[in-house]
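Accompanying notes for the structure given below.
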Amino acid sequence: MIEQLLKKTNDKKFYNDCDLKLESYRFQTSDHTLEMIFSINQNSYDIPIEYEEWKITCLKTEKFDGFFWSLTLPYVKMKILEHHPLLLIFHENIIECEIQGKPLNVNEFIGEISNILEKETGNWITVNEYLWNNEEFYQKYSKRTIAIPKSLGNSIMQVCKKHDMDFQIKNEVIGEKKGYKDKSNVKILIFGNEDVSPNDFNLCQPYIIAEELSQKELNNANRYS
């Protein structure tokens, strides 16, 4: 695990005194191994005091996202979570649902589905993953199938009923039948800051979803050993 980095980045002084910077990363598609090199720079009145480099290795990586800039500020506080909206597809059964009909007001229908997903998943799962906000689409196609985590089914069904649309669960996908989504051991390493946003609400915090995580403090001579 990565206890040292978790403790270091969550220290009260870390946010004010240090920069956490992603220097480089390498992802091996053959075995889904992700290696990331981070530097920690501690400064005082712009005078460097301490410089460290760390490698985080993630095995059986399913997804990583949000690393758009080298500096992770304000999301510098690492935390490992075993329960998170992004893990629903891996931890829960998947239900395949058939929706029939056309909402009288497409924008209102999509808005209510979006509100449900914001409430239940903190916008980590968004409406465009399942439905189109396009009236022409509903005119051409009166029936569509979506596959969603089981816990979201009842709330979406209630919105469909409100808009006179038929919602039926056609199949429940369990265990190995989920294919690559059958990963009950995956966890999420989130780079967050709950002073800015809770970790279960999406404000573009960087994250990694993987089964195993480890750390190694580096010297500059050998980053990928």
**OP:** For residues that are among the hydrophobic types (A, V, I, L, M, F, W, C) and surrounded by 20 or more Cβ atoms within 10 Å (Cβ to Cβ), scanning just the stretch 55-75, find the one that is farthest from the chain's Cα centre (by Cα).
**Re:** Ile56
Original post:
From the list Ser197, Ser155, which one is surrounded by fewer than 18 Cβ atoms within 10 Å (Cβ to Cβ), within 19 Å of the chain's Cα centre (by Cα) and free of Cβ contacts under 8 Å to residues at least 60 places away in the same chain?
Top reply: Ser197
Subject >> For Thr145: the one exception among (1) touching a residue at least 40 places away in the same chain (Cβ under 8 Å); (2) over 24 Å from the mean Cα position of the chain (by Cα) >> reply: (2)
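Table: residues versus (1) more than 15 Å from the chain's Cα centre (by Cα); (2) under 14 Å from Ile80 (Cβ atoms); (3) modelled with pLDDT of 95 or more; (4) not basic (Lys, Arg).
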{"position": "Tyr141", "(1), (2), (3), (4)": "yes, no, no, yes"}
{"position": "Pro149", "(1), (2), (3), (4)": "no, no, yes, yes"}
{"position": "Lys161", "(1), (2), (3), (4)": "yes, no, yes, no"}
{"position": "Ile190", "(1), (2), (3), (4)": "no, yes, yes, yes"}
{"position": "Phe201", "(1), (2), (3), (4)": "no, no, yes, yes"}
{"position": "Glu211", "(1), (2), (3), (4)": "no, yes, yes, yes"}
{"position": "Ser214", "(1), (2), (3), (4)": "yes, yes, yes, yes"}
{"position": "Leu218", "(1), (2), (3), (4)": "yes, no, no, yes"}
**OP:** Mind counting the residues in the stretch 110-164 that are among the hydrophobic types (A, V, I, L, M, F, W, C), within 19 Å of Asp200 (Cα to Cα) and out of contact with any Ser or Thr (no Cβ under 8 Å at 6 or more places or on another chain)?
**Re:** 4
Original post:
Out of Asn202, Asn128, Asn185, which single residue is within 30 Å of Ser70 (Cβ to Cβ) and either part of a loop (DSSP other than H, G, I, E, B) or among the aliphatic types (A, V, I, L, M) (or both)?
Top reply: Asn202
**OP:** Working only within the stretch 158-194, note down all residues that are of a type in the set (Lys, Arg) and surrounded by 12 or more Cβ atoms within 10 Å (Cβ to Cβ).
**Re:** Lys162, Lys177, Lys178, Lys181, Lys183, Lys187
Original post:
Out of Gln215, Gln168, which single residue is farther than 24 Å from Leu117 by Cβ and assigned to a strand (DSSP E or B)?
Top reply: Gln215
**OP:** Filter the stretch 94-113 down to residues that are surrounded by fewer than 16 Cβ atoms within 10 Å (Cβ to Cβ) and touching a Lys or Arg at 6+ places or on another chain (Cβ under 6 Å), then give me how many there are.
**Re:** 3
**OP:** Could you please give the count of residues in the stretch 5-50 that are surrounded by fewer than 16 Cβ atoms within 10 Å (Cβ to Cβ), outside any strand (DSSP E or B) and at pLDDT below 95?
**Re:** 7
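The values are calculated or read from the model by the stated rules, or taken from the named source; none is laboratory data. Computed from a predicted model, the values in this text were never measured in an experiment. As a convention, Cβ positions derive from the backbone with ideal geometry for all residues, glycine included, and neighbour counts pool all protein chains shown.
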